[in-house]
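Notes follow the structure.
The numbers here are math on the coordinates, done by the rules we state, and not lab data. The structure displayed is predicted, hence computed values, not measured ones. Ideal geometry is used to build each Cβ from the backbone, glycine not excepted, and the neighbour counts take in all protein chains shown.
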Amino acid sequence: MVTWGIVFALILALAYFSSRMVRQEEEGFQDAGLAILEFGRAFPQEAIRSLHATADGKAVFVRLHDNKAGVMRSLRNHFACHLIEPGTVRVRELPTGKGFAVEFLNAPSHNGEFTFVSPAIAAEVSLWLLGNYVAPAERAPDAVSGTTG
């Protein structure tokens with residue numbers, strides 16, 4: 001009788017943990033706190049400035065303190081974090097306008113199409129990826145006019 005009780009308890013525990021894993025996989029990065037913790041664990045020296053999750057919650061794009069960018073993807077039972085180096089990404093707009101396709105030259109396993117809740121968020125994240133967040137003091141002077149910009 002005790003043996004059957006132990007077997008039944010093990011089956012209940014297995015069912016509980018497997019249902020939690022499935023729920024976590026379906027939820028993705030709906031919790032911004034989890035994304036911040038996981039990226040901070042992968043890159044402790046980088047300070048997060050802001051982040052945006054994809055519409056399905058399977059990826060989060062991160063803008064860092066020094067205008068670099070990063071991406072986190074939910075891969076079943078773990079998260080893959082990637083710090084995007086300048087000049088190592090190609091971005092192409094999707095026909096819907098709410099997303100883009102990304103080709104990471106130094107990490108092809110992260111390539112894919114990413115859709116966001118709105119076109120404005122997609123545009124902002126694409127600017128992060130292309131490195132267009134440059135402070136005015138860092139811009140090179142324009143050769144023709146001698147002004148920055």
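Taking 0.36 nm per residue of separation and subtracting the Cα-Cα distance, what length does fully extending S50 through L127 add?
On the way: separation 77, 0.36 × 77 = 27.72 nm, distance 1.31 nm.
Separation in residues times 0.36 nm, less the Cα-Cα distance, equals 26.4 nm.
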Item to complete: Calculate, axis by axis, the spread of Cα positions in the stretch 27-134 along the three principal axes, and write the results as whole Å, longest axis first.
Response: 34, 31, 24
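Would you mind calculating the gained length between L12 and T88 on full extension (0.36 nm times residue separation, minus the Cα-Cα distance), in nm to one decimal? Numbers along the way, then the final one.
Numbers: separation 76, 0.36 × 76 = 27.36 nm, distance 4.73 nm.
Going from the current span to full extension adds 22.6 nm.
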Worksheet item: Once the Cβ-Cβ distance between S19 and A80 is put in as r, and R0 is 25 Å, what FRET efficiency do you end up with, to the nearest 0.05?
Response: 0.60
